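Report on one structure; see the data block that follows.
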Amino acid sequence: MASLLNSSIVDPWSETVSCKSIGAALGLGFPLSVKDMLSRRDKTRVTKYGVYVCTYTGGTVVKNLGDAWLERAFSDPLGIASYFRKMSGGRRIVEWQVFPYQGDIMTRGEKKVLEDKAGAKNDAWLEIQPTYQIALDKGIPVNTVDNVIFVIDLEEARAGVSSNGYTFLATNDIRPNNICHEMGHNFGLRHASQAEFNDYGDSYCLMGGLGPAGNNATEFDNMRLNVATGKNSHGGTGPGICAPYLNKLGWIDSLNVNHISFSKDGTASGDMTGTINANQGGLPIGSTQRIALVIDLPAPSPSSGYIKSQYWVEYRIPKGFDRQFNVVPQGALLLHEVMDSQESHSYYLYLTNINILRTDYSQKLRFPKLDYVVRITDFSSVPDKISYVFEKG
Ligand SMILES: [Zn+2]
């Protein structure tokens, strides 16, 4: 759905719109037409999603969450459209359409055949593609949108999967953050990991963080979307997206990071002192606010076995989509390592409580492969930012 609030013509952090001020900014005279204003939005920033609830003849439905819930999951002030508008700093706008229910998509037996085929080859597309084609044949306009989310309303269905921009999500498990997670894959992200053997190990990123219950360890419940049906309460939202992945998506750019590199003799240079604002999402084009410190590790010697990588330091606080970030109210510095040779895959290393760093100046953020440290020199909560020095230590 396109709306003034969910468009490029309104500041991504706005919660309300004033037609009068938009009209003035666009140089329009009275009477103002919303349709006219909307036609001036930047459509190149729009990704359009379709959503369709699939039921199967002979299958037991969970209890249809309903088109109204799906509509609200996208349109809510803390919903999916708002999430991407804010995470991208207005660089990416998600519009959506919930397709009206058109009866069972196929029989449970036919689905089983497709499931088995996809399972045997470990290729979800073998089930998703035929489902897409049947939907199209039934007159559901799945070809008018960029991506489709098929909501699988079947008692035994669990979790979700994406392939070629199309997603299956089980009614049992669906909630805003797993919809956003699958959309994150569609935008080109892999998982936010802790190590190669801990695929989802970054609890502080949308693309990682699976806790013991299968939910994100730092998600919060959006009470407006809680519904007593299926396996969970369906309100799970957040957290935000780690800075290296915002960079990979192009939702921040080189103006938004401080940068340090090493010469051949091991001397560091660049933004040895600087300020980092809390990462609450991407930044509008042209913003010069910094939300990370990026350190290019010294070039590895061919015999060392190291691959070329970067450290990313970011400051995260329990606000906005990170409100469940449960360290201290003042937040923490997080350290990630990004491996160039692995399509910029982000690995979370650890965090350091900001209260320790800012009150005990002998405490520093250390790096596994460097004899340099980050020391906090100043701290402010309005706005949330820290100043640092990068020094030997
Ligand atoms: Zn995933």
So what are the ³J(HN,Hα) numbers for the range 252-261, from phi and the Karplus equation (6.51, -1.76, 1.60; θ = phi - 60°), rounded to whole Hz, Gly and Pro as x? 10, 9, 4, 6, 9, 10, 8, 9, 10, 9
Give me the distance in nm between label points sitting 7 Å out from Cα along the Cα-to-Cβ direction at VAL46 and SER14, one decimal. 1.7
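Kirkwood hydrodynamic radius (Cα pairs, Å) of the chain?
22.6
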Would you list MET223, MET1 from fewest to most Cβ contacts within 10 Å? MET223, MET1
Using only the alpha-carbon atoms, what does the range 45-189 span along each of its principal axes? Please give whole angstrom values in decreasing order. 45, 31, 27
Whichever lysines have a C-alpha closer than 17 Å to that of LYS308, once near sequence neighbours (fewer than 8 apart) are set aside: LYS248, LYS264, LYS369
Just to check I understand the Karplus step: with θ = phi - 60° and J = 6.51 cos²θ - 1.76 cosθ + 1.60, what whole-Hz values come out for the range 367-382, glycine and proline as x? 10, x, 10, 9, 9, 10, 9, 9, 10, 7, 10, 7, 8, 9, 10, 9
Where both residues lie in the chain, what percent of DSSP beta bridges are antiparallel, nearest 5? 65
Ratio of the range 244-392's C-alpha Rg to 2.2 N^0.38 Å, to two decimals? 1.02
Cα centroids of the range 9-55 and the range 273-302: how far apart, whole angstrom? 31
Which ³J(HN,Hα) values in Hz, rounded to whole numbers, follow from the phi angles of the range 40-56 under the Karplus curve 6.51 cos²θ - 1.76 cosθ + 1.60, where θ = phi - 60° and Gly and Pro get x? 8, 5, 7, 6, 5, 8, 8, 10, 9, 9, x, 10, 9, 8, 9, 10, 10
Just tell me which lysines come within less than 22 Å, Cα to Cα, of LYS364; anything on the same chain fewer than 8 places away is out. LYS385, LYS392
Any idea how far the Cα center of the range 91-136 sits from the one of the range 369-393, in Å? 49
Which FRET efficiency, nearest 0.05, do LYS117 and THR144 yield, Cβ-Cβ r, R0 30 Å? 0.65
Given H placed on each backbone N at 1.01 Å, which residues far from GLY274 in sequence or on other chains put an amide H within less than 5 Å of it? TYR388
Taking ARG158, ARG316, ARG91, ARG375 and counting other C-beta atoms within 10 Å, the order from fewest to most: ARG158, ARG375, ARG91, ARG316
If the only charges are +1 at each Lys and Arg Cβ and -1 at each Asp and Glu Cβ, what is the size of the charge dipole of the chain around the Cα centre, to the nearest 20 debye? 680
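Dipole magnitude of the range 45-189 about its Cα centre, charges +1 at Lys/Arg Cβ and -1 at Asp/Glu Cβ only, in debye to the nearest 20?
520
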Give the calculated FRET efficiency between ALA68 and ILE356 to the nearest 0.05, with a Förster radius of 56 Å applied to their Cβ-Cβ distance. 0.75
Cysteines in the chain that, by Cβ-Cβ distance, have no pairing candidate under 4.7 Å: CYS19, CYS54, CYS180
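Decide, for the range 1-92, between rounded, prolate and oblate: order the square roots of the alpha carbon gyration tensor eigenvalues as a ≥ b ≥ c, take rounded if a/c falls under 1.5, and otherwise choose prolate if a/b is larger than b/c, else oblate.
prolate
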Tell me what the chain gives for mean residue ellipticity at 222 nm when only DSSP H runs of n ≥ 4 count, each as -39,500 (n - 2.57), the sum divided by the residue total, rounded to 500 deg cm²/dmol. -6000 deg cm²/dmol
R0 = 22 Å: FRET efficiency of SER381 with SER3, Cβ-based, nearest 0.05? 0.10
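Every read-out reported here was derived from the displayed coordinates using simple, explicitly stated rules and does not represent laboratory data. Only a predicted model underlies this, so the values are computations on that prediction, with no experimental measurement involved. Positions of Cβ are backbone-derived with ideal geometry, glycine not excepted, and every protein chain shown enters the neighbour counts.
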